[in-house]
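In what follows, a structure is listed as structure tokens, so that the remarks can point back to it.
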């Protein structure tokens, strides 16, 4: 996702580069504890990534099992961009979507788990 490439990488780099550029004790200033500081920061980054991964997995697995991640057949045929754009432009496409839902046979939901 774009969110990780923007915010995740920036947070990761700022956490790891902080001990390097920290005034008086950073690695570029000849600080003797900068290696320990980098290790502690790295462990913090790994802990946050692990926590976020576990919580996100629980949330998305629950949403998948409850059926919240499934689009209707009409939304799949039209595409979510077209549906969202129609909503934003106040275009009523409910009748059109109902016709699409009736035209396509009901697909059996295949669960991954």
Item checked: Only listed residue being surrounded by 10 or more Cβ atoms within 10 Å (Cβ to Cβ) and within 30 Å of residue 10 (Cα to Cα), chosen from 83, 77, 40 -> 40
Check: Residues in the range 75-88: is at least one over 30 Å from residue 103 (Cα atoms), in a helix (DSSP H, G or I), without any contact (Cβ under 8 Å) to a residue 24 or more places away in the chain and more than 24 Å from the chain's Cα centre (by Cα)?
Finding: no
Check: Is it true that residue 19 is surrounded by fewer than 12 Cβ atoms within 10 Å (Cβ to Cβ), in contact with a helix residue (DSSP H, G or I) (Cβ under 7 Å, 6 or more places away or on another chain) and without any contact (Cβ under 8 Å) to a residue 40 or more places away in the chain?
Finding: no
Next item on the list: Answer yes or no as to whether residue 44 is assigned to a helix (DSSP H, G or I) and touching a helix residue (DSSP H, G or I) at 6+ places or on another chain (Cβ under 8 Å).
Entry: yes
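Each reported figure results from applying straightforward, stated rules to the coordinates on display, with no laboratory input. Note that the coordinates shown come from a computational prediction; the quantities given were computed from them, not determined experimentally. Please note: Cβ atoms are built from the backbone with ideal geometry, for glycine as well, and neighbour counts cover all protein chains shown.
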